[in-house]
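Q: Got a structure for you, questions after.
The values are calculated or read from the model by the stated rules, or taken from the named source; none is laboratory data. Quick caveat, the model's predicted, so the values are computed rather than measured. Counting neighbours? That spans all protein chains shown, and the Cβs are built from the backbone with ideal geometry, glycine included.
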């Protein structure tokens, strides 16, 4: 591994140091590395975090992974969610769907969530990051950090006790709910447990269950579920626990299975990774302290209801990556980073409330159809918008016929361009650059060095209406305008003019 220690005291050899090699940290690292940002990741554990953990990848996250170049690998590693199978008294008592796609959701090539064990998602992101030239160091724990006007310096301790300092232009804490970065930066976390029940989750091998269903045993003491994990012989076991006293061991997991299902303890042939957790909701008071930023669970803690935690962290990273790259590359003012907290903190607060409601509701067989439709409406993350952000400017005299506004995720619809038909807009947007769409009008000349497409028809033109649309690198509409001079002002203010430099 290349040594990230700088060769001179003037210029750090690392532009961005990412602390934590979970889904958030590795997504951010991939996004930065593909933009040429010198990125180093440190992970306290000796290996990538184990366990199936956050196994549900929502529609918007799958779009992000497509853009980062890992969509095919993620698809090959997973599957659709299997139907739920209810058991009572050792007998099958009905099959039902946990999630029904929302017919009114924004259109996406990924209308359903995808099931992938989290450890496999991490491997895919790691391999992509390393292929892009980034560096990853496991067994390196952040012990302290300091910052000045020009850099942040992290002290890292290896497993052998050796300590060294890593200077960087910026540091991002993606080191989970017990974030050392957050604590070292003096950022408070506000929240509560809300009376949420504790739970145990484990990856187990089980005899006597088919792998075509997600099995659930309702029980007064707490439901127990086993979900087959694609690409493995394992099931993810999840069981809510009554009371606070529980020691998670292979033996107590087997006892839970015997107590709440029709299976004997010996049916569990192997217990791999396991964890006991007390869920809580919490939100950091701020996501930035100077040159230090927080993302994922370091910034917001979610109960595992609705499969949102991993996904909202990936969205943090996708929002932050292009901004951090522009600022670190001196193409944009440092103030651009303030928009990260303004946009993502509000989104995280909304998801905290949703996750808490879904965790309390559990996975009920009663009213299963209604519950499945509700989950389909609220979990996909395609409707998250930044309309109130200072980066969202809409100056059109006539709004879009469909109601699409600046700040919304751009609609991934078919279109016709001056170069011919395009199956979906996101095929044109793929890559690290912003994109200008001139819809049923001529693009400005010159088009400010932007990647530009003239849209002349199709569902996309119908949805957007006439005008110029500047699509940010994270596929949200930054500017919608009728006037080319507004485009020039927007590019100058945000630094996106230098995005392709």
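Q: Of these, 433, 427, which one is at negative phi and assigned to a loop (DSSP other than H, G, I, E, B)? Step through it out loud before you land on a result.
A: Details: 427 fails: assigned to a loop (DSSP other than H, G, I, E, B).
That would be 433, the only listed residue that is at negative phi and assigned to a loop (DSSP other than H, G, I, E, B).
Q: Could you tell me whether the range 428-450 includes any residue that is within 17 Å of residue 397 (Cβ to Cβ), surrounded by fewer than 16 Cβ atoms within 10 Å (Cβ to Cβ) and in contact (Cβ under 8 Å) with a residue 12 or more places away in the chain?
A: yes
A quick yes/no check of all residues on (1) within 18 Å of the chain's Cα centre (by Cα); (2) in a loop (DSSP other than H, G, I, E, B); (3) buried (at least 17 other Cβ atoms within 10 Å of the Cβ):
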| site | (1), (2), (3) |
| --- | --- |
| 72 | yes, no, no |
| 85 | no, no, yes |
| 107 | no, yes, no |
| 121 | yes, no, yes |
| 125 | yes, no, yes |
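Q: Can we say residue 53 is at pLDDT 95 or above, crowded, with 18+ Cβ neighbours inside 10 Å and not in a strand (DSSP E or B)?
A: For residue 53, the condition - at pLDDT 95 or above, crowded, with 18+ Cβ neighbours inside 10 Å and not in a strand (DSSP E or B) - is not met.
Q: While we're looking at this one, here's another question. Considering (1) more than 24 Å from residue 337 (Cβ to Cβ); (2) in contact (Cβ under 8 Å) with a residue 24 or more places away in the chain, say which one residue 299 fails and leave the rest.
A: (1)
Q: If you go through the range 288-331, how many residues are in a helix (DSSP H, G or I) and at negative phi? Spell out how you get there, then give the answer.
A: Within the range 288-331, the subset in a helix (DSSP H, G or I) is 296-298, 309-328.
Applying the additional criterion that residues be at negative phi yields 297-298, 309-328.
Counting residues in the range 288-331 that are in a helix (DSSP H, G or I) and at negative phi gives 22.
Every residue, every condition in (1) at pLDDT below 95; (2) not in a loop (DSSP other than H, G, I, E, B), yes or no:
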| position | (1), (2) |
| --- | --- |
| 161 | yes, no |
| 172 | no, yes |
| 177 | yes, no |
| 181 | no, yes |
| 200 | yes, yes |
| 205 | no, yes |
| 209 | no, no |
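Q: Among the residues of the range 473-486, write down those that are more than 21 Å from the chain's Cα centre (by Cα) and surrounded by fewer than 24 Cβ atoms within 10 Å (Cβ to Cβ).
A: The first filter runs over the range 473-486 and keeps only residues more than 21 Å from the chain's Cα centre (by Cα), leaving 479-486.
Listed by number, the residues that qualify are 481, 482, 483, 484, 485, 486.
Q: Same structure, new question: Only one of (1) in contact (Cβ under 8 Å) with a residue 60 or more places away in the chain; (2) within 27 Å of residue 280 (Cα to Cα) fails for residue 144. Which number is that?
A: Exception for residue 144: condition (1).
Q: Taking the range 87-105 as the region of interest, how many residues are outside any loop (DSSP other than H, G, I, E, B) and in contact with a helix residue (DSSP H, G or I) (Cβ under 9 Å, 6 or more places away or on another chain)? Before you say what the answer is, go through the steps one by one.
A: Step one: of the range 87-105, the residues outside any loop (DSSP other than H, G, I, E, B) are 87-88, 91-96.
Then drop every residue that is not in contact with a helix residue (DSSP H, G or I) (Cβ under 9 Å, 6 or more places away or on another chain), which leaves 94, 96.
So the count comes out to 2.
Q: Out of the residues in the range 128-168 meeting the condition of being touching a helix residue (DSSP H, G or I) at 6+ places or on another chain (Cβ under 7 Å) and surrounded by 18 or more Cβ atoms within 10 Å (Cβ to Cβ), tell me which one is nearest to residue 288 (Cα to Cα). Please lay out each step first, then the result.
A: We begin by selecting, within the range 128-168, every residue touching a helix residue (DSSP H, G or I) at 6+ places or on another chain (Cβ under 7 Å); these are 128-129, 132-134, 136, 142, 144-145.
Imposing the further condition that a residue be surrounded by 18 or more Cβ atoms within 10 Å (Cβ to Cβ) reduces the set to 128-129, 132, 134, 136, 142, 145.
Numbers: 128: 27, 129: 24, 132: 27, 134: 24, 136: 23, 142: 18, 145: 14 Å.
Checking each candidate, the answer is 145.
Q: Among the candidates 41, 64, single out the residue that is assigned to a strand (DSSP E or B), touching a residue at least 12 places away in the same chain (Cβ under 8 Å) and within 20 Å of the chain's Cα centre (by Cα). Lay out the reasoning, then the answer.
A: Numbers: 64 fails: assigned to a strand (DSSP E or B).
Testing whether each residue is assigned to a strand (DSSP E or B), touching a residue at least 12 places away in the same chain (Cβ under 8 Å) and within 20 Å of the chain's Cα centre (by Cα) leaves just 41.
Q: For residue 425, are the conditions met, namely being in contact (Cβ under 8 Å) with a residue 24 or more places away in the chain, touching a helix residue (DSSP H, G or I) at 6+ places or on another chain (Cβ under 7 Å) and buried (at least 18 other Cβ atoms within 10 Å of the Cβ)?
A: When the stated conditions are applied, residue 425 passes them.
Q: Moving on to the next point. Out of 181, 206, I need the residue that is in the same structural domain as residue 231 (by TED's automatic domain parsing) and crowded, with 20+ Cβ neighbours inside 10 Å. Which one? Working first, answer last.
A: On the way: 181 fails: in the same structural domain as residue 231 (by TED's automatic domain parsing).
Of 181, 206, the one residue that is in the same structural domain as residue 231 (by TED's automatic domain parsing) and crowded, with 20+ Cβ neighbours inside 10 Å is 206.
Q: Quick check: anything in the range 164-173 touching a strand residue (DSSP E or B) at 6+ places or on another chain (Cβ under 7 Å), touching a residue at least 12 places away in the same chain (Cβ under 8 Å) and farther than 30 Å from residue 337 by Cα?
A: no
Q: Scanning the range 253-262 for residues that are surrounded by fewer than 16 Cβ atoms within 10 Å (Cβ to Cβ) and out of contact with any helix residue (DSSP H, G or I) (no Cβ under 6 Å at 6 or more places or on another chain), which turns out farthest from residue 275 (Cα to Cα)?
A: In the first step, residues of the range 253-262 are kept if they are surrounded by fewer than 16 Cβ atoms within 10 Å (Cβ to Cβ); the result is 255, 258-259, 262.
Okay, now just the ones that are also out of contact with any helix residue (DSSP H, G or I) (no Cβ under 6 Å at 6 or more places or on another chain), so 255, 259, 262.
Values: 255: 15, 259: 19, 262: 23 Å.
Taking the candidates together, the pick is 262.
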